[in-house]
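My questions all concern the structure below.
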Amino acid sequence: MTELPRTPSFRLDGRRALVAGASSGIGLGCATAVAEAGAHVVMAARGREKLEAAVAAVREAGLSAEAMTLDVSDIGAMRAAVAGAGPFDVLVNSAGLARHAPALETEEADFDAVAEANLKGAYFLATEVARGLVEAGRGGSIITISSQMGHVGGIDRTVYCATKHAVEGMTRAMAIEWGPKGIRVNTICPTFIRTPLTEATFDNPERVAWITDKIKLGRVGEVEDIMGAVAFLASDASALVTGTSLLIDGGWTAG
């Protein structure tokens, strides 16, 4: 009798997940995805009121969640909060910032703010979660929401692209370092996703024309397009996946 292989589980029962930037948009989608897979999710964001509303919505759906006020760019406070609440089996970092402008018009303050959130904050959040896993002697999954702009360039997005390209390199180096400890490190790289934060882009006809011309599937992304990828990378279904990028870009980077 032929013995069939078994599909690995996408379930996260009994695991604890930290989702940063979880109060709305992609982050809320990520938190919902891991909670629906059975994880207890600690939802983190800077704004308490909006975060509490998001946590309440997740709980009302019968899922397990709690709130953590967290600013990933405040490294000292972030480290203390994560160390005190961890260890976490899963990290999904959706916290980030964009201040788009032509390169010649970029202000130093804008450069610093974007780099602090997208790169420095991401770096030290990942290392703090990894530290907790190493000290606990267990593996885990670290996922950063990067961008297709970590693989290509974009109009008025020089600083944003710089930070996302850096996140891609950071992820590969961390995967090499932490792989022997059973910690997987990956990125998810979406195209333009329709959220409240991207409405200004979609209100610009020139930008919409540029976007729709680049996306081969002929539509912009929705938050739901990210959720399956998060569940996959967080779970044992991706047990041999590390140091890579999952592009959810509708074919943008295909050429």
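When you look at Val114, is it among the β-branched types (Val, Ile, Thr) and farther than 26 Å from Tyr160 by Cβ, yes or no?
No, not satisfied.
Got a sec? Which helices (runs of 4 or more DSSP H) wholly within region 9-123 have at least 1 residues that are at positive phi and more than 13 Å from the chain's Cα centre (by Cα)?
It comes to none.
Now for a separate question. Given (1) farther than 21 Å from Phe88 by Cβ; (2) in contact with an Asp or Glu (Cβ under 7 Å, 6 or more places away or on another chain), identify the lone condition not met by Val152.
In the conditions (1) farther than 21 Å from Phe88 by Cβ; (2) in contact with an Asp or Glu (Cβ under 7 Å, 6 or more places away or on another chain), Val152 misses (2) alone.
Could you identify the single residue in Ile188, Ile211 that is within 17 Å of His151 (Cβ to Cβ), free of Cβ contacts under 8 Å to residues at least 40 places away in the same chain and not in a loop (DSSP other than H, G, I, E, B)?
Ile211
Looking at this structure, is Glu116 surrounded by fewer than 16 Cβ atoms within 10 Å (Cβ to Cβ) and of a type in the set (Asp, Glu)?
no
While we're here: Which ones in region 137-186 are surrounded by 22 or more Cβ atoms within 10 Å (Cβ to Cβ) and under 20 Å from Leu12 (Cβ atoms)?
Passing the criteria: Gly140, Ser141, Ile142, Ile143, Thr144, Ile145, Trp178, Ile183, Arg184, Val185, Asn186.
Ok, one more. Which residue pairs have Cβ atoms under 6 Å apart, sit 6 or more places apart or on different chains, and have a first residue in region 156-182 that is at pLDDT below 95 and a second that is of a type outside the set (A, V, I, L, M) and not in a helix (DSSP H, G or I)?
So the pair list comes out as Asp156/His100; Asp156/Pro102; Arg157/His100.
Then there's this: Could you list, in sequence order, the residues of region 23-36 that are surrounded by 24 or more Cβ atoms within 10 Å (Cβ to Cβ) and either at pLDDT below 95 or under 22 Å from Ile183 (Cα atoms) (or both)?
If the condition is that a residue be surrounded by 24 or more Cβ atoms within 10 Å (Cβ to Cβ) and either at pLDDT below 95 or under 22 Å from Ile183 (Cα atoms) (or both), then Gly27, Cys30, Ala31, Ala33, Val34 are the ones that fit.
Right, another one. Against the condition among the polar types (S, T, N, Q), surrounded by fewer than 21 Cβ atoms within 10 Å (Cβ to Cβ) and within 15 Å of Cys30 (Cβ to Cβ), how does Thr195 come out, does it pass?
yes
Quickly run through region 203-255 and pick out the residues that are hydrophobic (A, V, I, L, M, F, W, C) and farther than 27 Å from Pro8 by Cβ.
Within region 203-255, Val208, Ala209, Trp210, Ile211, Ile215, Leu217, Val220, Trp252, Ala254 meet the criteria.
Now a separate question. State all residues of region 221-248 that are under 15 Å from Ala39 (Cβ atoms) and either in a strand (DSSP E or B) or among the aromatic types (Phe, Trp, Tyr) (or both); if no residue qualifies, say none.
Phe232
This table checks each residue for (1) of a type in the set (D, E, K, R); (2) within 16 Å of Gly121 (Cα to Cα); (3) touching a strand residue (DSSP E or B) at 6+ places or on another chain (Cβ under 7 Å).
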{"position": "Gly154", "(1), (2), (3)": "no, no, no"}
{"position": "Tyr160", "(1), (2), (3)": "no, yes, no"}
{"position": "Arg172", "(1), (2), (3)": "yes, no, no"}
{"position": "Ile183", "(1), (2), (3)": "no, no, yes"}
{"position": "Phe192", "(1), (2), (3)": "no, no, yes"}
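Among (1) buried (at least 17 other Cβ atoms within 10 Å of the Cβ); (2) farther than 23 Å from Arg194 by Cα, there is one condition Gly76 misses while meeting the rest; what is its number?
The single condition Gly76 does not satisfy is (1).
For Arg219, indicate whether it is touching a residue at least 40 places away in the same chain (Cβ under 8 Å) and basic (Lys, Arg).
For Arg219, the condition - touching a residue at least 40 places away in the same chain (Cβ under 8 Å) and basic (Lys, Arg) - is not met.
The values are calculated or read from the model by the stated rules, or taken from the named source; none is laboratory data. Keep in mind it's a predicted model, so treat the numbers as computed, not measured. Note: ideal-geometry Cβ built from the backbone for every residue, glycine included; neighbour counts use all protein chains shown.
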